[in-house]
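Read-outs throughout are calculated quantities, based only on the coordinates presented, and are distinct from any laboratory measurement. No experiment lies behind these values; they were computed from the predicted model shown. Quick reminder, even Gly has a Cβ in these numbers, built from the backbone with ideal geometry, and neighbours come from all protein chains shown.
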Amino acid sequence: MDLDALLRCVGMTSCVVTQLTSGMIIGMLLFLIASGVTLIFGVLNVINFAHGSLYMIGAYAAWTFYQLTGSYFVSALGAAVAVGVLGVLFERVLMSKVYGSNVLMQLLVCYAVVLISDDLIKIIWGPVPLSMGMPPEFRLPPVRFMGGVIPPFYIFMILAAMAIGLLLWLVIGRTRFGSIVRAAAINGPMVSALGIRVNLYYAAVFGIGSALAGAAGALAAPVRSLTPGMGFSILIESFIVTVIGGMGSIVGAFAASIIIGLTRSFGSIGFPLFVDGVMFLIMALVLIFKPSGLFGRAHR
């Protein structure tokens, strides 16, 4: 524990700005992944344990598209679309077969996909870590704010994640597609009895959730090292975010992502050896005092 260092940081605006920026970056990446997890669970009642692999595939896909096109924006969009299509195939071929099954069966299917994905990454891209590097579009002087230094790409990451989250909230909460999805989450057979092909909406929801993970991987590619298995650690944190925010709540995922991001950022200064412990402690306290999560609905 080094609380003196944490207090010194809090007393310096430059340190606060730097750590806030770092925390928001971590939080927004977690939000994109956790929002996909909570969306899929809220509609399909399936815990997609393979979501971290979709994040990893998104990062490698962005790297590949960047090598082919030289444009980061095209690469990020291509990675999100490619992972979204892959998610639809994953749902139709595998996950749709275990709907309503025992949770253990669903986890085994997802874990099998995780192992296969890691090996395919090693076969296609090799076991050696890859690096995209900072795209030329963002090789600009850093922005100075209250004594702190913020790289332009970090600002883009935060704004892009927020924009995607807002768009997702509008689609689910303000469109006919979202109304059908929410209705199917409550009573799928009744919606199907009205002549609506619920299976197509299930596939679309899984695809959107997968595309969010792919977008997170594309955003992380320029600042993270690409390695096989890179999705596992962030998957654990995204599940922590989902539990804290509440299963099925996008707003909850956003709030919890910021809490975990800031905890990891400032915790790396004050208690670097116990950051993970604090994250799990927050989750435990939420489960004790509000088992449904901060914004989740209690199940009867």
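At-a-glance table
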quantity	calculated
Selection from Cys110, Leu235, Phe90, by position along the positive dipole direction of the chain (Cβ)	Phe90
Estimated distance in nm for a label pair at Trp125 and Ser225, the labels positioned 7 Å out from Cα along Cα-to-Cβ	1.4
Contour excess over end-to-end distance, with Cα ends at Phe232 and Leu166 and 0.36 nm allotted per residue	21.1 nm
Computed over the range 205-288: relative contact order in percent, which uses C-alpha pairs under 8 Å that are six or more apart	22
Per-pair calculated FRET efficiency, R0 = 45 Å: Leu285 and Phe138 via Cβ, rounded to 0.05	0.70
Residue (of Val205, Ile121, Leu226) at the positive-pole extreme of the chain, dipole from beta-carbon charges	Val205
Amide H within-cut-off set for Val46, under 5 Å, with H built and near neighbours excluded	Phe41
Residue-wise HN-Hα coupling along the range 46-56, computed from phi with Karplus coefficients 6.51, -1.76, 1.60 (Hz; x: Gly, Pro)	10, 8, 7, 5, 8, 5, x, 5, 5, 4, 4
Thr69 versus Ile186: modelled label distance in nm, points set 7 Å from Cα along the beta carbon direction	4.0
Radius of gyration and Dmax over the Cα atoms of the range 120-253, both given in Å	19.0, 61
The chain - Cys residues lacking any other Cys C-beta under 4.7 Å	Cys110
Estimated dipole of the range 88-245 in Debye, rounded to 20 [Cβ of Lys and Arg +1, of Asp and Glu -1, Cα centre]	380
Per-peptide average of other Cβ atoms within 10 Å, ordering 209-218, 24-33, 52-61 highest first	209-218, 52-61, 24-33
Evaluated over the chain, the Cα radius of gyration and Dmax, each in Å	19.5, 64
Helical contribution to [θ] at 222 nm, DSSP H n ≥ 4, -39,500 (n - 2.57), averaged over the chain, rounded to 500	-25000 deg cm²/dmol
Simple spin-label estimate for Asp4 and Met146 in nanometres, 7 Å along Cα-Cβ	2.6
Among 157-169, 252-264, the order from most to least packed when residues are scored by Cβ within 10 Å on average	252-264, 157-169
For the chain, built as a Gaussian network whose Cα springs stay under 10 Å, the top-fluctuating residue of Ser131, Ser265, Ser238	Ser131
Sorted peptide list for 185-193, 147-155, criterion being average Cβ within 10 angstrom, highest first	147-155, 185-193
Dipole moment magnitude, nearest 20 debye, the chain about Cα centre, only Lys, Arg, Asp, Glu C-beta charged	740
Förster-model FRET efficiency, 22 Å R0, Val278 and Val251, C-beta, rounded to 0.05	0.45
About the Cα centre, charge dipole magnitude for the range 179-300 (Lys/Arg +1, Asp/Glu -1 at Cβ), debye	320
